[in-house]
Amino acid sequence: MPEFKNKASPDTIYQKPQTKVDDFSFNHQVVDVFPDMIERSVPGYANIIDGVGRLAAKFAVPNTLIYDLGCSLGAVSLSIAKHNQQPNVQIVGVDNSSAMVERCQRHVDSYNYESPISIKEADIVDFKLDKASVIVMNFTLQFIKPKFRDALMAKLFDALVPGGILILSEKIKLGHAAMDSAIIDLHHDFKRENGYSNLEISQKRTALENVMILDEYSLHEKRLLTIGFEAVSIWYQQFNFVSFFAIKGQ
């Protein structure tokens, strides 16, 4: 995973009791601690970032775009740029958080890969896409309102060239109460082992309750196949954090 040139501040956002826990948002407070937050909260995050870059490299096509939708601080964009060997490929990162975009632009500018990276501030639901060989949404769709998800995925399918791929990383529901409970417990153990207290875990969960709506993997798969993707497969999973990809037929 590309390293951040400036060391991130430690994530202490939910360390103290809050009378009212506001809905989670990608504001300046979160941006300041994001690298630490994501590393301590998402199992296998570094492996996913590196793997996305390697997978994208296998499907990148010369003279096309690669989109990183919901790019946050640009880790996926940089991983793709690092691994890409195809000429005339431009990487476009898109995020709707002005705080993220500002910091992301400075971060990607500190690297010098052959494939150029441009960062744009926009809502990906409305963002116009040009022809792409690879589109990545890394833990982004879960923050899109469910009513917009089918149309958004159809738009991404239309933007892909034949043989192109969509890579999605998502936290998922397992669809079975006992299994969900066990996996959630394992994730909370992971967070405790990374220094989060029970209070921090509880308050973060409350903050995310209304803004991060999870789907089951079966729904993701059905949605993508119904839209027209030829095949869908999981390539990485740890607990209920899954990364999968769908390929558009030739």
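None of the figures in this text is laboratory data; all of them are computed from the coordinates on show. All figures in this text were calculated on a predicted structure; none of them were measured in a lab. Because the Cβ atoms are built from the backbone with ideal geometry, glycine has one as well, and the counts that use them run over all protein chains shown.
Would you work out the relative contact order for the stretch 60-104, in percent, from Cα pairs under 8 angstrom that are 6 or more residues apart?
51 percent.
Below 8 Å between Cα atoms, with a sequence gap of 6+, how large is the relative contact order for the stretch 100-250 in percent?
Result for the stretch 100-250 is 28 percent.
So what is the relative contact order for the stretch 83-127, in percent, with contacts set as C-alpha pairs under 8 Å and at least six apart?
Rounded, it is 53 percent for the stretch 83-127.
List the residues whose amide H sits under 5 Å from the amide H of residue 70, counting only those 5 or more places along or on another chain, with H placed 1.01 Å from N in the peptide plane.
Placed amide hydrogens put 94, 95 under 5 Å from residue 70.
Is the chain rounded, prolate or oblate when judged by the Cα gyration tensor, a ≥ b ≥ c being the square roots of its eigenvalues, rounded requiring a/c under 1.5 and prolate requiring a/b larger than b/c?
oblate
Peptides 220-229, 129-138: what's the order by average Cβ count within 10 Å, highest mean first?
129-138, 220-229
With only alpha-carbon pairs counted, each pair once and no self-pairs, how large is the Kirkwood hydrodynamic radius of the stretch 109-250 in angstroms?
Final number for the Kirkwood radius of the stretch 109-250 is 17.0 Å.
Amide H neighbours of residue 139 under 5 Å, counting only residues 5+ apart in sequence or on other chains, H built in-plane at 1.01 Å?
169, 170
Among all lysine pairs in the stretch 94-250 that are eight or more places apart or on different chains, how many have alpha carbons less than 17 angstrom apart?
Final tally of qualifying lysine pairs is 18.
Principal axis extents for the stretch 82-174, Cα atoms only, whole Å, descending order, please.
Rounded to whole Å, the extents work out to 38, 34, 28 Å.
Any chance you could check the Cα centroid distance between the stretch 22-79 and the stretch 152-170 for me, in angstrom?
Rounded to whole Å, the Cα centres lie 17 Å apart.
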